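Asks: Take this structure first; my questions come after.
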Amino acid sequence: MSKSTTTGKTPSAGSNPIGVTILAAIVMALGLFSIVTGVTIDFILAGGDLTLVGSFQLGAIVVGVLAIIAGIGLWKLKSWAWWLAAIVIGIGLILNISVVFLDLTELRLYFLPMLLRALVLVYLTRPAIRGKFR
């Protein structure tokens with residue numbers, strides 16, 4: 001007889017560890033943040049002109065879309081998602097740091113996303129987590 005959870009459902013052998021589920025949610029939230037800030041700053045504040053800051057924000061939109069795709073893949077424990085998440089989160093961190101260096105007042109807006117991206121990269125590289133995606 002199999003054990004059941006409090007909801008009455010039998011846990012499956014391939015169910016996601018809670019850490020991976022949280023990781024996927026954070027990666028998707030960071031993707032949404034990138035899209036919103038990219039659209040807001042590039043198309044509303046910068047008027048859609050492809051300036052240096054505008055090009056960073058256009059990159060943020062692309063990174064955001066890819067982060068959402070990576071988050072969905074992480075949630076489904078796809079091996080390609082680990083690589084995509086590591087690359088996209090790394091690029092997102094570089095973009096955030098670059099924007100802050102251009103205008104230090106942006107640190108208030110980008111501090112939490114930069115911290116979350118750094119923590120996600122550290123968590124992704126843990127051997128136990130990396131092993132879930134092989």
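Every read-out reported here was derived from the displayed coordinates using simple, explicitly stated rules and does not represent laboratory data. Source: prediction; values computed, not measured. Cβ placement follows ideal geometry from the backbone for every residue including glycine, while neighbour counts extend to all protein chains displayed.
Asks: Cβ under 15 Å from residue 28's Cβ, residue 28 left aside: what net charge do those residues give with Lys, Arg +1 and Asp, Glu -1?
Replies: Here the charged neighbours net out to +3.
Asks: With θ set to phi - 60°, apply the Karplus curve 6.51 cos²θ - 1.76 cosθ + 1.60 along region 81-98 and write out the HN-Hα couplings as whole Hz, x wherever there is a Gly or Pro.
Replies: Once rounded to whole Hz, the list reads 5, 4, 5, 4, 4, 4, 5, 5, 5, x, 5, x, 5, 5, 4, 4, 4, 4.
Asks: Given that compact globular proteins tend to follow 2.2 N^0.38 Å, what is the ratio of the alpha-carbon Rg of region 18-131 to that value?
Replies: Scaled against compact globular proteins, the figure is 1.06.
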